[in-house]
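Peer 1: One structure, pasted below without further comment.
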Amino acid sequence: MAQETRQHEHGRGAQAARSGASGAVWGVPVPVVIAGPCAVESAAQMEAVASRLKEMGVRVLRGGAFKARTAADSFQGLREEGINLLAQAGRKFGMLTISEVLDCRHAGFVAERVDILQVGSRNMYNYELLKELAKTGKPVFLKRSFMATLDEFAHAAEYLLKGRGDVALCERGIRTFEAATRNTLDIMAVPIMKERLGLPVFVDVSHSTGRAALVAPAAKAAIAVGADGIMVEVHPQPANALSDNYQQLSIEQFSELLEVL
Ligand code: PEP
Ligand code: MN
């Protein structure tokens, strides 16, 4: 076991130098703030949010296009059109873009248009998808499954590390008996995974809490514990959002969050 750990550290030296250890991830100084709407809904929405985020210094723009929704009747995302709208906003405002790849069939399409490929919580165990994404050579942002142990999370990351090795991890809360938050933020995942794999570790402060009012405390905890960054959902009009309206911050709320941090 000890030898295995040493080999991991040795093998990932170059990657660590590119990201956490050099104080930057994807060339962006840590802590990196990834912000943007849960889902891409329209060109106007992306323009409204990206222009303001850019002014506030955000360098990485998120926007879900292929959405993994629990209910089949929920908004499923704009899919290819959503990817194109996100890429357009990223180009216009000079921001890196990140979006989830739900399925192997979409990997090529998304990889050609978006800078960072996200693996969602529901797909952490989809090893064929992980292998496919590793082959694209693009940076991958791997979210922890809401039912994964940290050991399983690390093994999933190892599938991605068989590719170019530009991998960042994201703790996004797990399912526990506690119902006061949407998920239970396992904050110790940050130092444990950083030590185990030497990769940057983020905290998704929106999905881990499920409520806008809890985003700031979660973000403070993430930074305090040494996270390389946070992911935050921001929408120009959260109340009218087509998904996750309780947890998305308005642009004003997001601006306050940045000040607090
Ligand atoms: C998301 O970030 O858009 C998302 C669906 O998150 P998760 O996969 O963590 O539920
Ligand atoms: Mn969401």
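The values are calculated or read from the model by the stated rules, or taken from the named source; none is laboratory data. The shown structure was predicted, so the numbers you read here are calculated from the model rather than taken from an experiment. Counting neighbours? That spans all protein chains shown, and the Cβs are built from the backbone with ideal geometry, glycine included. Ligands, DNA and RNA are excluded from the accessible area calculation, which covers all protein heavy atoms including side chains. Shrake-Rupley method; radii C 1.70, N 1.55, O 1.52, S 1.80 Å.
Peer 1: Of all the Cα-Cα pairs you can form in the stretch 29-260, what percent are over 28 Å apart?
Peer 2: 22 percent
Peer 1: Could I ask something else about it? Which of the GluC sites (Glu not before Pro) found in the stretch 131-212 are in a DSSP loop and have at most 15 neighbouring Cβ atoms, other than their own, within 10 Å?
Peer 2: Sparse-neighbourhood loop GluC sites (Glu not before Pro): Glu178.
Peer 1: For the stretch 80-88, what does the Karplus curve 6.51 cos²θ - 1.76 cosθ + 1.60, with θ = phi - 60°, yield as ³J(HN,Hα) per residue in whole Hz, taken in order and with x for Gly and Pro?
Peer 2: 4, 4, x, 4, 5, 5, 5, 4, 4
Peer 1: Using only the alpha-carbon atoms, how far is helix 150-161 inclined from the longest principal axis of the chain? Give it as 0 to 90 degrees, nearest 10.
Peer 2: 90 degrees
Peer 1: Could you work out the relative contact order of the chain? I mean the mean sequence separation of Cα pairs under 8 Å and 6+ apart, divided by the number of residues, in percent.
Peer 2: The normalised contact order for the chain reaches 18 percent.
Peer 1: Only loop residues by DSSP count here, and only those with at most 13 other Cβ atoms within 10 Å; note down the chymotrypsin sites (Phe, Trp or Tyr not before Pro) in the stretch 116-188 that meet that.
Peer 2: Sparse-neighbourhood loop chymotrypsin sites (Phe, Trp or Tyr not before Pro): Phe177.
Peer 1: May I ask which of Lys131/Lys220; Lys54/Lys131; Lys135/Lys220; Lys92/Lys194; Lys92/Lys135; Lys135/Lys194 have a Cα-Cα span longer than 31 Å here?
Peer 2: Violating the 31 Å Cα-Cα cut-off are Lys131/Lys220; Lys54/Lys131; Lys135/Lys220; Lys92/Lys194.
Peer 1: Still on this structure, please answer the following. By how many degrees, between 0 and 90 and to the nearest 10, does the Cα long axis of helix 215-224 differ from the longest principal axis of the chain?
Peer 2: With rounding to tens, the tilt is 30 degrees.
Peer 1: What residues qualify as long-range amide H neighbours of Ala24, i.e. H under 5 Å apart, gap of 5 or more or another chain, H built at 1.01 Å from N?
Peer 2: Val30
Peer 1: Also, I was wondering about something else. Against the longest principal axis of the chain, how steep is helix 127-136, in degrees 0 to 90 to the nearest 10, with axes from Cα atoms?
Peer 2: 80 degrees
Peer 1: What percentage of the solvent-accessible surface of the chain, computed with a 1.4 Å probe over protein heavy atoms, is contributed by carbon and sulfur atoms?
Peer 2: Carbon and sulfur atoms account for 52 percent of the accessible area of the chain.
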